[in-house]
Amino acid sequence: MSCCGTNPSFEEMDEVSRLVSRKLAAFQRTLRDNGFAVGLAEGQDAASLMAAGYAAKPGLLRSAFKHLFSARKSDWEKFDGLFDAFWLGRRVRSRSLAADSAKAANNPSLKSMQDDAQQSGSQSATDQAPSADDAPQGRGGEGRMEGASRAENLSEVDFRKLADPEQVAQAHEAAAQLARIMRTRLTRRDLARRRGYRLDLRRTIHRNISHGGVPISLVKRQRKDKPLRLIVLLDASGSMSMYTSVFLRFIHGVLDEFREAEAFLFHTRLAHVSGAMKEKDAGRALDRLSLLAQGAGGGTKIGESLQTFNRWHAARVIHSRSVVMIVSDGYETGDAALLGREMGRLAKRCRRIVWLNPMMAWEGYAPEARGIKAALPHVDLYAPANTLKSLSALEPYLARL
Amino acid sequence: MKDRDDIAQALAASGYIADAELATAISLMQRLRRPLLLEGEAGVGKTEVAKALASVHATELIRLQCYEGLDQSSALYEWNYQRQLLAIQAHRGDADSIEDQIFSEKYLLERPLLAAIRRDKPPVLLIDEIDRADDEFEAFLLELLSDFQVSIPELGTIKAVSIPHVVLTSNGTRELSDALRRRCLYHYVDYPDVEREARIIMARIDGASASLSLQIARMVAGIRKEELRKVPGVAETLDWAAALVGLDVRDLHDAPEIVHETLMCLVKTQEDKARVTREVSERILGKVA
């Protein structure tokens with residue numbers, strides 16, 4: 001091992017044979033395919049580490065690369081699997097090895113890479129990448145274009161009429177996209193406002209009386225600006241099952257993109273799901289959530305859920321610039337009067353309540369259910385949300401807050 | 001100080017029980033001259049890493065606590081306006097010479113970031129809870145961490161005398177920028193496993209025997225598995241261990257009453273307290289061998 005802290009000389013770099021550096025490049029490509037943000041500087045550092053003797057001990061090398069290449073928790077957790085798959089030829093999850101990466105598995109040592117490392121490297125890279133879920137970066141340009149144009153037609157289709165998995169996937173993608181667009185607009189408004197700070201003369205003079213009125217410490221005035229916080233309460237009961245998955249995807253996008261957002265699921269009881277939603281990998285987050293969403297199928301207790309929310313969470317998650325978005329059909333199986341009461345308490349707390357009701361767009365639907373009748377007086381915006389178009393129609397409303 | 005085992009030992013000597021991966025991260029930090037970004041739940045001992053690192057290097061710890069609205073004047077430098085004004089009042093006269101005089105080192109107030117790059121011996125710079133600072137500050141920090149020089153308009157550029165060991169911590173209340181993440185080595189600090197937590201208790205609490213420490217660690221691990229809103233961190237474990245030792249408990253099974261009553265050291269919200277009833281605490285205690 002060379003002394004720490006010194007940069008590797010050119011001779012040292014030569015020691016890392018051409019093959020190894022090619023393999024290293026392939027490894028970085030694998031990481032990028034899996035959503036890691038890996039740049040040139042990391043590559044150089046990695047090469048210098050290998051030259052410094054780390055390459056001889058796979059365990060140490062893995063730990064070192066893990067620190068170097070990971071940038072967030074989700075990276076941190078999937079790194080070991082990727083590393084083992086790539087360098088040691090171990091299988092990841094249930095994916096089967098393709099023919100040429102099996103070759104790599106037979107001579108797993110880091111030093112014995114006589115065969116064309118790049119080819120087998122890049123092959124195995126794509127073959128063994130464990131997640132197919134975070135497709136956005138990985139997908140080729142062609143597929144994405146296609147998605148966009150079809151999404152156009154999709155925007156008017158009611159979510160419950162989405163049948164084949166491909167359409168559903170596109171709707172999910174579009175929902176995530178939508179969440180992203182809404183975030184960008186909102187932040188731009190924040191920035192424009194931040195410029196307006198001036199001198200606060202009154203406080204300045206007051207503070208400087210002790211200096212004989214010479215303005216020594218200036219007091220400035222700046223509008224305290226809190227970003228909009230979006231709190232989503234999603235009804236995951238049986239009657240909503242047609243819509244739950246698309247909204248889950250939308251919420252995932254919202255949590256990822258808004259600086260401040262919280263999400264809750266409810267059916268017969270309330271669950272705080274922001275944590276599960278913070279999972280970067282959308283597919284895995286949805287898996288975790290679907291488990292939470294499969295509550296007891298015994299109806300919807302909106303009132304009780306809201307009571308729980310008001311009692312335990314509201315003080316923490318709601319501030320003056322909060323919008324509460326409730327997505328529900330309003331079929332209350334519990335006590336409708338309780339729902340009305342709790343909605344009243346909630347309305348006092350937050351700035352706006354938006355109630356999205358996917359059923360609203362159905363022909364001949366009127367808010368007859370007891371629950372929704374009790375809740376409506378406290379709702380600021382009552383809108384349908386059964387298509388992507390109706391979801392995006394919300395954005396200008398939120399931006400005005 | 002090259003080998004990770006040496007580092008682990010040195011950390012242990014200063015009272016921090018590190019796992020092998022963290023020791024690797026610290027050895028890499030020195031080799032690659034990159035900052036170390038520590039992420040993890042509150043109370044898993046992220047800040048302690050920096051403190052232990054400072055005592056390992058026998059150097060100063062300079063801490064910058066981030067908060068919303070943190071700006072350059074409280075993080076980097078500030079002119080001492082009061083003294084400047086006094087100086088102006090005292091020597092009325094040649095404007096040029098006064099200007100040279102009042103914009104000199106003497107009137108400069110060092111804040112943590114400037115202080116950290118002007119020490120002869122590289123200090124440990126702890127940038128705590130970077131996720132609480134604004135995006136703009138993060139971008140500024142990124143620049144400082146890559147160049148290690150600061151430009152002060154009136155004085156010119158100040159280059160780092162020594163490169164500090166930089167440790168950043170984040171609780172994940174806000175997503176950090178990719179650029180900053182890429183610049184840093186990353187380490188996710190998880191709750192320690194039972195064996196390591198027991199060693200931490202023994203290292204930190206005087207009078208905690210090995211068997212008691214192990215029992216406490218197992219009990220805490222059991223409580224962490226319950227669906228709590230605020231999962232107890234290592235600091236809470238230490239509090240609890242100190243409380244038990246202070247109450248002269250030698251074996252948890254001898255004093256289930258005290259165990260339950262002192263759980264307030266670990267369980268800190270009303271909701272969680274309602275969840276960890278006497279039955280629950282006895283059930284968990286029953287599993288502790």
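What follows is calculated from the coordinates using simple rules that are stated; it is not laboratory data. Not measured: the values here are computed from a predicted model. Here Cβ is always computed from backbone atoms with ideal geometry, including for glycine, and neighbour counts include all displayed protein chains.
How high is the FRET efficiency from B:Lys268 to B:Ser177, r the C-beta distance, R0 30 Å, rounded to 0.05?
My answer for the efficiency is 0.40.
Compute the distribution of all C-alpha to C-alpha distances in segment B:17-80, in bins of 10 Å from 0, and list the percent of pairs in each, rounded to whole numbers.
Taking all Cα pairs of segment B:17-80, the binned fractions are 16, 43, 30, 10, 1 percent.
B:Val166's amide H: which non-local residues (gap 5+, or another chain) put their own amide H closer than 5 Å, with H modeled 1.01 Å from N in plane and none for Pro or chain starts?
Correct list: B:Leu36, B:Leu125.
Once R0 is set to 30 Å, what does the formula 1/(1 + (r/R0)^6) return for the Cβ-Cβ distance between B:Glu60 and B:Asp135, expressed as a FRET efficiency to the nearest 0.05?
Calculated transfer efficiency: 0.55.
Which of A:Lys23/A:Lys73; A:Lys73/B:Lys273; A:Lys301/B:Lys46; A:Lys389/B:Lys230 have a Cα-Cα distance over 32 Å?
Exceeds cut-off: A:Lys301/B:Lys46; A:Lys389/B:Lys230.
Assign unit charges at the C-beta atoms only (+1 for Lys and Arg, -1 for Asp and Glu), then state the dipole size of segment B:152-289 relative to its Cα centre in Debye, rounded to the nearest 20.
Roughly 580 debye for segment B:152-289.
Using θ = phi - 60° and the Karplus curve 6.51 cos²θ - 1.76 cosθ + 1.60, what whole-Hz ³J(HN,Hα) does each residue of segment B:257-266 get, with Gly and Pro shown as x?
4, 4, 4, 5, 5, 8, 4, 4, 5, 9
If you take the charge dipole of segment B:143-241 about its Cα centre, with +1 on Lys and Arg Cβ and -1 on Asp and Glu Cβ, which of B:Thr237, B:Val161, B:Val150 is farthest toward its positive end?
About the Cα centre, the residue reaching furthest to the positive side is B:Thr237.
Which percent of Cα-Cα pairs in chain B sits in each 5 Å bin, short to long?
1, 5, 11, 13, 13, 12, 11, 10, 8, 6, 4, 3, 2, 1, 1, 0, 0
Mean Kyte-Doolittle hydropathy of 0.5 or higher plus an axial Cα length of 20 Å or more: which whole DSSP H helices in chain B meet both?
B:210-225
How much net charge surrounds B:Val167 when only the other residues with a Cβ under 13 Å from the Cβ of B:Val167 are counted, with Lys and Arg +1 and Asp and Glu -1?
Here the charged neighbours net out to 0.
Please list, in order, the residues from segment B:208-233 whose amide nitrogen is less than 17 Å from a point placed 7 Å along the Cα→Cβ vector of B:Glu279.
Taking a point 7 Å out along Cα→Cβ of B:Glu279, the residues of segment B:208-233 whose backbone N falls under 17 Å are B:226-227.
Taking the Cα centre of segment B:4-47 as origin, sum charge times position over the Cβ atoms of Lys and Arg (+1) and Asp and Glu (-1), and report the length of that vector in debye to the nearest 20.
Rounded to the nearest 20 debye, it is 280 debye.
Would you work out the charge dipole size for segment B:1-126 about its Cα centre, treating the Cβ of every Lys and Arg as +1 and the Cβ of every Asp and Glu as -1, and quote it to the nearest 20 debye?
That gives segment B:1-126 a dipole magnitude of about 260 debye.
Report relative contact order for chain B in percent, whole number only (criteria: Cα-Cα under 8 Å, sequence separation at least 6).
Relative contact order for chain B comes out at 21 percent.
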